[in-house]
Amino acid sequence: MKAVILVAGEGKRMRPLTYERPKVMLPIAGKPIIEHLLEEIKEVGINDFVFVVGYHDETIRDYFGKGERWDVNIQYVTQKTQLGTADALRRTEGLIEDKFLLLNGDTIVSAADIEKIITDDANIALGVIEVINPEDYDVVEVKGEKIMKIHKKMKEQPSYLINAGVCLLDENIFDAISRTDKSKRGEFELPDSLQMLIEEGYDIFWKKIEHWIDVIYPWDLLAANELLIDKINYVNRGKIEENVWIKNKDKVSIGDNTLIKSGSYIEGPVVIGENCVIGPNSYIRANTFIGDTCHIGNAVEITNSIIMNDTKILPYNHVGDSVIGCRCNLGAGTKIANLRFDDATVKAKGMDTGRKKLGAIISDGVKTGINACIDVGTVIGNKTIIGPGAFASGYIKENSRIF
């Protein structure tokens, strides 16, 4: 059996973090989203993959190659223009024989749940899960073991069961896709193809899954990171100087050639990448991921955050509950607030994030001067400069200058 993973889209709701990479390549607990998914699929014995790529496909191809590092085989097909999920799957016809597994690359499901679906006797089966916000998803209406109707995103939904983006399909789906018209959104959508098969008498079964992580908005990366980072095991391939304290040591991973300087305190679960310098006297608190070639300076405190590759956080910074992109440079004394005075949930990009604590979403190449201050829920676009002592708040577009 092959697994087809749809990874062609940008993930527009994840902007500004997707200016330079597709959403599926954003890191969670030390790995891109799609790598977590690949590992779960491999665990059930599937070793042949087809990636449908498109937006910034070079980042996916360069990272995964042909799959040698994971002992799997990866083929690529390209969806040059993102015309919907059915159009993306259409491009794999000719590479697929008999039944196959289809997954959305921006969701993570467990090997146990994948096993439930692929061992089903049915030719077509969908993984479903119950959610509190069904209006954001395609809802399934069921009767017994079968799906009666798939309702595309709408305000009033008939149930709380949604299509979780993991499907067992067979070759009949390609015939249905060939007869699928564009939707009102101007796309060829897979739910329309599946609904066509239902109406033509095909039995589509459903399996309720238990473990499902959906990452839609930038702050969802933090929630996913909190869940997945707790699964790590202690690894130390770096150098730790004297007078470094590591709490929950079995949940701390330190990469090759990373130096942890004296006086630093690390409170797992924490993942630190390769070729980093941490400290001296830094405090790295739980649920933090620091990428490769990062420099965390003297007396810096970081908690519950994602710091991507090649970023420098200079002395006396405070970073809490934030996502910081690649090649950023936070000048000495930069402070990122992460809690409102009234203890209400934080809003970002005009939306209620549902999080009591949320610092900043900072995209690639952002620089701050000394003693800059960044308000809760601030979203900062690529290559923005926040000057010395400046205050940043709200949504800040790329290449902005704030002094």
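The values are calculated or read from the model by the stated rules, or taken from the named source; none is laboratory data. Computed from a predicted model, the values in this text were never measured in an experiment. Heads up, the Cβs are rebuilt from the backbone with ideal geometry, glycines too, and the neighbour counts pull from every protein chain shown.
LYS356 fulfils the conditions (1) closer than 16 Å to LEU222 by Cα; (2) basic (Lys, Arg); (3) surrounded by 18 or more Cβ atoms within 10 Å (Cβ to Cβ) except for a single criterion, (3). For region 58-85, the candidate set comprises residues that are crowded, with 19+ Cβ neighbours inside 10 Å and not in a loop (DSSP other than H, G, I, E, B); within that set, the residue that is nearest to the chain's Cα centre (by Cα) is ILE60.
Out of the residues in region 11-43 meeting the condition of being part of a loop (DSSP other than H, G, I, E, B) and under 12 Å from the mean Cα position of the chain (by Cα), tell me which one is surrounded by the most Cβ atoms within 10 Å (Cβ to Cβ).
First, the residues of region 11-43 that are part of a loop (DSSP other than H, G, I, E, B): 11, 15-22, 26, 29-30.
From what's left, under 12 Å from the mean Cα position of the chain (by Cα): 11, 17-18, 21-22, 26, 29-30.
Numbers: GLY11: 23, LEU17: 27, THR18: 21, ARG21: 24, PRO22: 25, LEU26: 24, ALA29: 21, GLY30: 22.
Residue satisfying both the conditions and the ranking: LEU17.
All of ASN317, ASN329 fail the test of being over 19 Å from LEU228 (Cβ atoms) and surrounded by fewer than 18 Cβ atoms within 10 Å (Cβ to Cβ), apart from ASN329.
Considered as a group, the residues in region 108-134 that are acidic (Asp, Glu) and in contact (Cβ under 8 Å) with a residue 60 or more places away in the chain include one that is surrounded by the most Cβ atoms within 10 Å (Cβ to Cβ), and that residue is ASP113.
Kindly evaluate ILE5 against the criterion of being farther than 23 Å from GLU187 by Cα and not in a loop (DSSP other than H, G, I, E, B). For ILE5, the condition - farther than 23 Å from GLU187 by Cα and not in a loop (DSSP other than H, G, I, E, B) - is not met. Restricting ILE374, ILE362 to those that are closer than 30 Å to ASN133 by Cα, buried (at least 21 other Cβ atoms within 10 Å of the Cβ), assigned by TED's automatic domain parsing to the domain that holds ILE266 and not small (Gly, Ala, Ser) reduces the list to ILE362.
Looking only at region 372-389, residues that are farther than 17 Å from GLY320 by Cβ and in a loop (DSSP other than H, G, I, E, B) come to 7 in all.
Of all residues in region 298-310, how many are surrounded by fewer than 24 Cβ atoms within 10 Å (Cβ to Cβ) and under 20 Å from the mean Cα position of the chain (by Cα)? Residues in region 298-310 being surrounded by fewer than 24 Cβ atoms within 10 Å (Cβ to Cβ) and under 20 Å from the mean Cα position of the chain (by Cα): 4 in total.
Does region 247-258 hold any residues that are crowded, with 17+ Cβ neighbours inside 10 Å and in contact with an Asp or Glu (Cβ under 8 Å, 6 or more places away or on another chain), and which are they? Talk me through it step by step, then tell me what you get.
In the first step, residues of region 247-258 are kept if they are crowded, with 17+ Cβ neighbours inside 10 Å; the result is 251-255, 258.
Once the filter is applied, which keeps residues that are crowded, with 17+ Cβ neighbours inside 10 Å and in contact with an Asp or Glu (Cβ under 8 Å, 6 or more places away or on another chain), region 247-258 yields LYS251, GLY255, THR258.
Just one of (1) among the small types (Gly, Ala, Ser); (2) touching a residue at least 60 places away in the same chain (Cβ under 8 Å); (3) farther than 16 Å from PHE174 by Cα trips up GLY54, so point out which. So GLY54 meets the others, but not (2).
In this structure, is SER322 in contact with a Phe, Trp or Tyr (Cβ under 8 Å, 6 or more places away or on another chain) and within 11 Å of GLY359 (Cβ to Cβ)? Considered against the rule, which asks whether it is in contact with a Phe, Trp or Tyr (Cβ under 8 Å, 6 or more places away or on another chain) and within 11 Å of GLY359 (Cβ to Cβ), SER322 comes out as no.
Going residue by residue through region 242-253, is there one that turns out to be part of a strand (DSSP E or B), under 26 Å from the mean Cα position of the chain (by Cα), of a type in the set (Gly, Ala, Ser) and within 16 Å of VAL140 (Cα to Cα)? Steps first, answer last, please.
First pass over region 242-253, keeping only residues part of a strand (DSSP E or B): 245-247, 252-253.
Applying the additional criterion that residues be under 26 Å from the mean Cα position of the chain (by Cα) yields 252-253.
This time we only want the ones that are of a type in the set (Gly, Ala, Ser), so: 253.
Right, trim to within 16 Å of VAL140 (Cα to Cα) and you get none.
For region 242-253, residues part of a strand (DSSP E or B), under 26 Å from the mean Cα position of the chain (by Cα), of a type in the set (Gly, Ala, Ser) and within 16 Å of VAL140 (Cα to Cα): absent.
Of the residues examined, THR288 is not one that is of a type outside the set (Lys, Arg), surrounded by 17 or more Cβ atoms within 10 Å (Cβ to Cβ) and more than 23 Å from SER253 (Cβ to Cβ). Annotation: of all residues in region 390-403 being more than 25 Å from the chain's Cα centre (by Cα) and not in a loop (DSSP other than H, G, I, E, B), the one that is surrounded by the most Cβ atoms within 10 Å (Cβ to Cβ) is ALA392.
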